[in-house]
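Visitor: The structure that follows is given in the form of structure tokens.
The values are calculated or read from the model by the stated rules, or taken from the named source; none is laboratory data. Note that this is a predicted model, so its numbers are computed, not measured. Here Cβ is always computed from backbone atoms with ideal geometry, including for glycine, and neighbour counts include all displayed protein chains. With ligands, DNA and RNA removed, areas are computed over all heavy atoms of the protein, side chains included. Shrake-Rupley method; radii C 1.70, N 1.55, O 1.52, S 1.80 Å.
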Amino acid sequence: MWRLSSVAVLCIAWAAAGCESETAEAGSDETAVIALLGLPDGIPPPAIPPENPLTAEKIELGRRLFYDPRLSANQTQSCASCHDQARAFADGERTPTGSTGTVLVRNSMGLANVGWFSTLTWASDGLLTLEQQIQVPLRSDNPVELGITDGVRDEVIARFEADPTYARLFADAFPESGSGVTINKIVFALASFCRSLVSVDAPYDRYLAGDQTALTQQQRRGLALFNGERFECFHCHGGVFFTTAYRDARTPEGSVRYPFFNNGLYNVDGEGGYPPHDQGLFELTSDPDDRGLFRPPSLRNVALTAPYMHDGSIATLREVVEHYAAGGRVIEDGPFAGDGRLSPLRSGLVRAFPAEPDEIDALVAFLESLTDDRFVTEPAHSDPFAMDRD
Ligand code: HEC
Ligand code: HEC
């Protein structure tokens, strides 16, 4: 694992995340978490709920559960069906299909560094921990993902209790509570595995650490454009994980900014409306001003996570950058026709700017430098059943 060469370099990279956290005392638990996750100097540990301390045993159990189709009611799907390591844990689909055939309305998210996001999913102000979020794919009945509704819960638990490998893994992961399997333990283990999905070894990181050759000249130009006031990207995708929705173990409670923005993708009614099946944060708050508000996704490994946006409606990175340069999206015809550039709800930071084709190339090349080859091949994140099948 690489090491950052100095705090000064890091402070440039951290703009939005705040450098003051550098000075905070690391407690002994933090030291253990840093070692367990192999975090390089200067990356503070993620916030972890005190009731679910991170351990190697829980991560290992969570990894097995993540890849196990027995975790869906009808045994056809696992978390990995929609979160594929080779794609930085996104799935390449516009929107995925759940275990009973329901097509979901939102694009599967990559999971790199998911332990550091202050809110989870594309647009929720209520899912603040992985322990809360993971209940959704496990238990939701609308739409069904894995479909562990109350009626089948005991049956699913019995599958794991009958398996001697799991009996051992659950006992190791939760030594204080006997060997029984519960949904709560499953959730805690999955959350621990998700927290272990750390991606900080891209060419961009090596460049920050002092290796000038890690980025091409074109990528360095793209980096400057990304952080410049003409392209504006860094305002919403700032900080070490390229999203304002950032939080770590040292972030003071309540200090996280409200990380939701309207990107001008739709304007179906001339008043900034989004397609009725998904209007972003509005779905939860019913506040008309929240229509079209989504969380800025992290851009790490973004070259692997196409298609883009909450509904997978943009196919390539080049088209994403062209969308921003136009200051919103124009949809000529069909049910969602409208001019996103004229949306009254569009964020003021998404506004048209002049961009030469070679500048767009440079920005795309920079985004490609955020791909961490080691992360997508790391054996500790991979399918533990693959060896049995070979
Ligand atoms: C049917 C496909 C599907 C399955 C199965 C699935 N997910 Fe997801 N996952 C998604 C989608 C789609 C989203 C975005 C949801 C939204 O915004 O409402 C998501 C979001 C997430 C997030 C939030 C990421 C972020 O950046 O906020 C986490 C964490 C996650 N999934 C973990 C899991 C785990 C763990 C499992 C297994 C228990 C799982 N998922 C099963 C499709 C799936
Ligand atoms: C006003 C805040 C804001 C600014 C400025 C901004 N973004 Fe975004 N970005 C977002 C939000 C919010 C989303 C998700 C929108 C959605 O899905 O509806 C997003 C999505 C993306 C995605 C899709 C990622 C994925 O996983 O699907 C990429 C790539 C991206 N932005 C790159 C950029 C670049 C490059 C710039 C600068 C040209 C930029 N953004 C400027 C807020 C912003």
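Visitor: If we scan the range 344-365, do we find a residue that is more than 30 Å from residue 220 (Cα to Cα) and not aromatic (Phe, Trp, Tyr)?
Guide: Checked the range 344-365: at least one residue is more than 30 Å from residue 220 (Cα to Cα) and not aromatic (Phe, Trp, Tyr).
Visitor: Inside the range 63-79, can you point out the residues that are in a helix (DSSP H, G or I) and either open to solvent by 40 Å² or more (accessible area, probe 1.4 Å) or more than 8 Å from ligand 1 (Cβ to nearest atom) (or both)?
Guide: Answer for the range 63-79, where residues must be in a helix (DSSP H, G or I) and either open to solvent by 40 Å² or more (accessible area, probe 1.4 Å) or more than 8 Å from ligand 1 (Cβ to nearest atom) (or both): 63, 64, 69, 70.
Visitor: Please enumerate the residues belonging to the range 105-150 that are at pLDDT 95 or above, of a type in the set (D, E, K, R) and over 27 Å from residue 250 (Cβ atoms).
Guide: 106 - this is the single residue of the range 105-150 that is at pLDDT 95 or above, of a type in the set (D, E, K, R) and over 27 Å from residue 250 (Cβ atoms).
Visitor: Taking the criterion of being open to solvent by less than 10 Å² (accessible area, probe 1.4 Å), touching a strand residue (DSSP E or B) at 6+ places or on another chain (Cβ under 7 Å) and not charged (D, E, K, R), would at least one residue in the range 248-266 satisfy it?
Guide: Yes, the range 248-266 contains a residue that is open to solvent by less than 10 Å² (accessible area, probe 1.4 Å), touching a strand residue (DSSP E or B) at 6+ places or on another chain (Cβ under 7 Å) and not charged (D, E, K, R).
Visitor: Any chance the range 370-383 includes a residue that's over 30 Å from residue 169 (Cα atoms) and either surrounded by fewer than 18 Cβ atoms within 10 Å (Cβ to Cβ) or in contact with a Phe, Trp or Tyr (Cβ under 8 Å, 6 or more places away or on another chain) (or both)?
Guide: yes
Visitor: Okay, moving on. Picking from 295, 291, which residue would you name as being basic (Lys, Arg), within 10 Å of ligand 2 (Cβ to nearest atom) and either assigned by TED's automatic domain parsing to the domain that holds residue 367 or within 13 Å of the chain's Cα centre (by Cα) (or both)?
Guide: Criteria check complete, one pass: 295.
Visitor: What are the residues in the range 220-247 that are open to solvent by 40 Å² or more (accessible area, probe 1.4 Å), out of contact with any Gly (no Cβ under 9 Å at 6 or more places or on another chain) and more than 16 Å from ligand 1 (Cβ to nearest atom), if any?
Guide: Across the range 220-247, the qualifying residues are 220, 221, 224, 229, 230, 235.
Visitor: Regarding residue 190, is this residue open to solvent by less than 60 Å² (accessible area, probe 1.4 Å), in contact with a Phe, Trp or Tyr (Cβ under 8 Å, 6 or more places away or on another chain) and at pLDDT 95 or above?
Guide: In short, yes.
Visitor: Run down 190, 215 and say which single residue is under 28 Å from the mean Cα position of the chain (by Cα), at negative phi and in the same structural domain as residue 71 (by TED's automatic domain parsing).
Guide: 190 is the lone residue from the list that is under 28 Å from the mean Cα position of the chain (by Cα), at negative phi and in the same structural domain as residue 71 (by TED's automatic domain parsing).
Visitor: Further question on the same structure: Filter the range 96-109 for residues that are within 12 Å of ligand 2 (Cβ to nearest atom), open to solvent by less than 30 Å² (accessible area, probe 1.4 Å) and out of contact with any strand residue (DSSP E or B) (no Cβ under 6 Å at 6 or more places or on another chain) and give the result.
Guide: Hit for the range 96-109 is 107, nothing else.
Visitor: Hey, can you tell me all the residues within the range 305-331 that are of a type in the set (Ser, Thr, Tyr) and within 15 Å of ligand 1 (Cβ to nearest atom)?
Guide: Matches in the range 305-331: 305, 308, 313.
Visitor: Run down 248, 278, 269, 289 and say which single residue is outside any loop (DSSP other than H, G, I, E, B) and of a type in the set (Asp, Glu).
Guide: Checking each option against the conditions leaves just 289.
Visitor: Please go through the range 321-380 and give me each residue that is outside any loop (DSSP other than H, G, I, E, B) and among the acidic types (Asp, Glu), ordered by number.
Guide: Matches in the range 321-380: 322, 339, 358, 359, 361, 368, 373.
Visitor: Can you find a residue that is surrounded by fewer than 20 Cβ atoms within 10 Å (Cβ to Cβ) and near ligand 1 (Cβ under 8 Å from one of its atoms) anywhere in the range 129-140?
Guide: Scanning the range 129-140, I find at least one residue that is surrounded by fewer than 20 Cβ atoms within 10 Å (Cβ to Cβ) and near ligand 1 (Cβ under 8 Å from one of its atoms), so the answer is yes.
Visitor: Among the residues of the range 267-283, which ones are farther than 16 Å from residue 123 by Cβ and either surrounded by fewer than 18 Cβ atoms within 10 Å (Cβ to Cβ) or modelled with pLDDT under 95 (or both)?
Guide: The answer is 269, 270, 271.
Visitor: Sticking with this one: Please work out if residue 56 is touching a residue at least 24 places away in the same chain (Cβ under 8 Å) and among the small types (Gly, Ala, Ser).
Guide: Here the answer is no, as residue 56 does not meet what is asked.
Visitor: Moving on. Would you pick out the residues in the range 336-358 that are among the charged types (D, E, K, R) and crowded, with 19+ Cβ neighbours inside 10 Å?
Guide: Within the range 336-358, just 346 meets the criteria.
Visitor: Quick check on residue 126: is it within 28 Å of the chain's Cα centre (by Cα) and on the phi > 0 side of the Ramachandran plot?
Guide: Answer is no for this residue.
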